[in-house]
Amino acid sequence: MKPLLLLFWVMTAGLTPSLFAQDSVRSWQPVLQAQLQALEKIQPAQWAPHTDTLAQLANAHPQEWLLQYYAGWAYTQLSFKAEKKIAEQYCEKAAPFVKRALGLQPGHTETLTLMGYWLSARINAVPSRGASLGAESRQYAEKAIDADPSNPRASLVKALNIYYTPAIFGGGKKRARPTVVETGEKFARFIPADALAPNWGKNIYDVLNASYQ
């Protein structure tokens, strides 16, 4: 019996790390999906508890780039929706998650897009940063487009950057128009890879596009 018992433990020891990894993924995916579904149904004023849950989930799984991404994205979204006096606080909460997501996936179109979007939120919170952060935000959007030209969120961040850059510095509503049109075409063709894949931005595009009507 002892040789058989030893053989059993040798075999299971080789499988355990893989099984634990699968269990780890299974443990956070349903929670992430539930939180994202909740955010779709409520107004930004009700987002905070769900965003904090995403942050807790990301901290519990620091090597999962998608969790870092969504925690950073949620706080960034809150920053755009918040009053100026607290918008900066949300940017600060987003910072470690945005940077960690990019560190884990430095060439990924979505993490590059999020970095550009977060930099835009920092400008929105403190407009005087535009001179120093505007170009950096656009550079990240361009890198995200290079990584995946079909990504509508990358084009959206670029369009927003041009739109809100003063005309004297090469931006403005008129100059943004071609990129806005291109962004709309990309959203029309976009299909997310799965239920957890980034799929935000269409409502932001709709508001931006409506300003041309």
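The values are calculated or read from the model by the stated rules, or taken from the named source; none is laboratory data. These numbers come from a predicted model, not from an experiment. Counting neighbours? That spans all protein chains shown, and the Cβs are built from the backbone with ideal geometry, glycine included.
Looking at TYR69, is it touching a residue at least 60 places away in the same chain (Cβ under 8 Å) and surrounded by 20 or more Cβ atoms within 10 Å (Cβ to Cβ)?
Spelling it out, TYR69 is indeed touching a residue at least 60 places away in the same chain (Cβ under 8 Å) and surrounded by 20 or more Cβ atoms within 10 Å (Cβ to Cβ).
Go through the residues of region 168-179 one by one and say whether even a single one is outside any helix (DSSP H, G or I), touching a residue at least 24 places away in the same chain (Cβ under 8 Å) and closer than 18 Å to ASN151 by Cβ.
No, region 168-179 has no match at all.
Tell me which residues, restricted to region 95-104, are of a type outside the set (Gly, Ala, Ser) and either under 16 Å from PRO49 (Cβ atoms) or surrounded by fewer than 24 Cβ atoms within 10 Å (Cβ to Cβ) (or both).
Residues satisfying the conditions are PRO96, LYS99, ARG100, LEU102, LEU104.
Residue by residue through region 186-213, note down the ones that are closer than 16 Å to VAL157 by Cβ and part of a helix (DSSP H, G or I).
Correct list: LYS186, PHE187, LYS202, ASN203, ILE204, TYR205, ASP206, VAL207, LEU208, ASN209.
Counting only residues that are modelled with pLDDT under 95 and either polar (S, T, N, Q) or crowded, with 20+ Cβ neighbours inside 10 Å (or both), how many does region 72-94 have?
So the answer is 1.
Charged (D, E, K, R), in contact with a Pro (Cβ under 9 Å, 6 or more places away or on another chain) and either under 25 Å from TYR69 (Cα atoms) or not in a loop (DSSP other than H, G, I, E, B) (or both): which single residue out of ARG138, ARG153 fits that description?
ARG153
Condition first: charged (D, E, K, R) and either surrounded by fewer than 24 Cβ atoms within 10 Å (Cβ to Cβ) or more than 24 Å from the chain's Cα centre (by Cα) (or both). Now tell me which residues in region 146-178 satisfy that. Lay out the reasoning, then the answer.
Start the filter on region 146-178 by keeping residues that are charged (D, E, K, R), which leaves 146, 148, 153, 158, 173-175, 177.
Residues satisfying the conditions are ASP146, ASP148, LYS173, LYS174, ARG175, ARG177.
Just give me the residues in region 179-212 being of a type outside the set (A, V, I, L, M), surrounded by 12 or more Cβ atoms within 10 Å (Cβ to Cβ) and closer than 18 Å to GLU40 by Cβ, in sequence order.
The answer is PHE187, PHE190, PRO198, ASN199, TRP200, GLY201, LYS202, TYR205.
Please pick out the residue among ALA58, ALA131 that is out of contact with any Leu (no Cβ under 8 Å at 6 or more places or on another chain) and either surrounded by fewer than 16 Cβ atoms within 10 Å (Cβ to Cβ) or in a helix (DSSP H, G or I) (or both). Step through it out loud before you land on a result.
Values: ALA58 fails: out of contact with any Leu (no Cβ under 8 Å at 6 or more places or on another chain).
Answer to the selection: ALA131.
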